[in-house]
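The values are calculated or read from the model by the stated rules, or taken from the named source; none is laboratory data. As the structure is a prediction and not an experimental result, all values here were calculated from the model. Reconstructed Cβ throughout: ideal geometry from the backbone, glycine too, with neighbour counts over all protein chains shown.
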């Protein structure tokens, strides 16, 4: 079953967030903020190629890696010759790493847990946001809430982390961005069309006592003001750069993705979750490490088993000097960025990427 609130916080613990921004702040200096604003004034629309593929190889076995990004332009059409062609010649597609929460409570157990799960997103003792947040943060919240959410009195009783997430979602929509971009759904559709095996890569967390887990979460102490404040910063200050990064992904501009600053929001919120007492009590504090291990194990098996594989990873993992692909390089695999690859792959080779057009629409 899906545990409202608890599942969301666990999902924040995705490992790519731990190393996000490292490439942006280490590989190249950030551009002038005014230039970012000019670049990001409008999100792109229409047909776009997306980024090039990273190449991981050992001998004649190759894994092509597509870097995904969130958010992306809402009105974009993704047209990738390479992705469709690689999938058609692959034996396996590794889907994005994810956290899977399992709680076997049965139908009646779900009914009994619903009220508890719903209340888990609310502040304890009926407190409102103005009572749990610093006054300066709450004043900023009111301005952004009016702009992006409007009149919603119920959200004032939510815990700051959930209120911030709702505000962030609304702000992305208002700025012409979409959180998922449906890239993975499109890849799944292409794999199904070509009869290619799809392999989910996830770390499964089993909740032995869901009722106790939710109670522990409700009583937990977290530095929610830090995550809340970082979300406000992201909405107030980072939207131009976020639009610019979304445009850069759409146009396949890897260099700009390396240089453009990214929001610190996700990192701050992940740290909040990892350091929370409920994460330690329930044994969830090592989720990022476990998920990283699950993906690396799956990638190594695919490279051993298949002549060709396509894999999905958040693009910050590909750009980061400490990301997943860096671990494969340290293990002896050859890792090449799009810029490092030969401009003209050998035609017809299983390790090259034949040009087959594929027009992919993203809502």
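Table: residues versus (1) surrounded by 14 or more Cβ atoms within 10 Å (Cβ to Cβ); (2) at pLDDT below 95; (3) under 28 Å from residue 320 (Cβ atoms).
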| residue | (1), (2), (3) |
| --- | --- |
| 38 | no, yes, yes |
| 44 | yes, yes, yes |
| 83 | yes, yes, yes |
| 96 | yes, yes, yes |
| 113 | yes, yes, no |
| 126 | no, yes, no |
| 141 | yes, no, no |
Can we say residue 338 is modelled with pLDDT of 70 or more, surrounded by fewer than 21 Cβ atoms within 10 Å (Cβ to Cβ) and under 13 Å from residue 65 (Cα atoms)? yes
Which of the residues belonging to segment 130-151 are over 21 Å from residue 239 (Cβ atoms) and outside any helix (DSSP H, G or I)? 133, 134, 151
Mind listing just one residue for me: the one in segment 307-333 that is more than 16 Å from residue 296 (Cβ to Cβ) and at pLDDT 95 or above and, of those, surrounded by the most Cβ atoms within 10 Å (Cβ to Cβ)? 310
Among the listed residues 214, 190, 232, which satisfies the condition of being touching a helix residue (DSSP H, G or I) at 6+ places or on another chain (Cβ under 8 Å), closer than 25 Å to residue 289 by Cα and not in a strand (DSSP E or B)? 214
Number of the condition not met by residue 246 [criteria: (1) within 15 Å of residue 315 (Cα to Cα); (2) part of a loop (DSSP other than H, G, I, E, B)]: (2)
Exactly one of (1) over 23 Å from residue 230 (Cβ atoms); (2) modelled with pLDDT of 90 or more; (3) in contact with a helix residue (DSSP H, G or I) (Cβ under 8 Å, 6 or more places away or on another chain) is unmet by residue 174. Its number? (1)
Check 299, 294 and return the single one that is in contact with a strand residue (DSSP E or B) (Cβ under 9 Å, 6 or more places away or on another chain), at pLDDT 95 or above, part of a helix (DSSP H, G or I) and within 30 Å of residue 260 (Cβ to Cβ). 299
Given (1) in a helix (DSSP H, G or I); (2) within 26 Å of residue 89 (Cβ to Cβ); (3) over 18 Å from the mean Cα position of the chain (by Cα), number of the condition residue 198 does not satisfy: (1)
Scan segment 201-231 for residues that are surrounded by 20 or more Cβ atoms within 10 Å (Cβ to Cβ), closer than 30 Å to residue 256 by Cα and more than 19 Å from the chain's Cα centre (by Cα) and jot them down. 229
Go through segment 253-271 residue by residue and tally those that are surrounded by fewer than 22 Cβ atoms within 10 Å (Cβ to Cβ), in a helix (DSSP H, G or I) and at pLDDT 80 or above. 6
Keeping to segment 51-92, report how many residues are touching a residue at least 12 places away in the same chain (Cβ under 8 Å) and outside any strand (DSSP E or B). 21
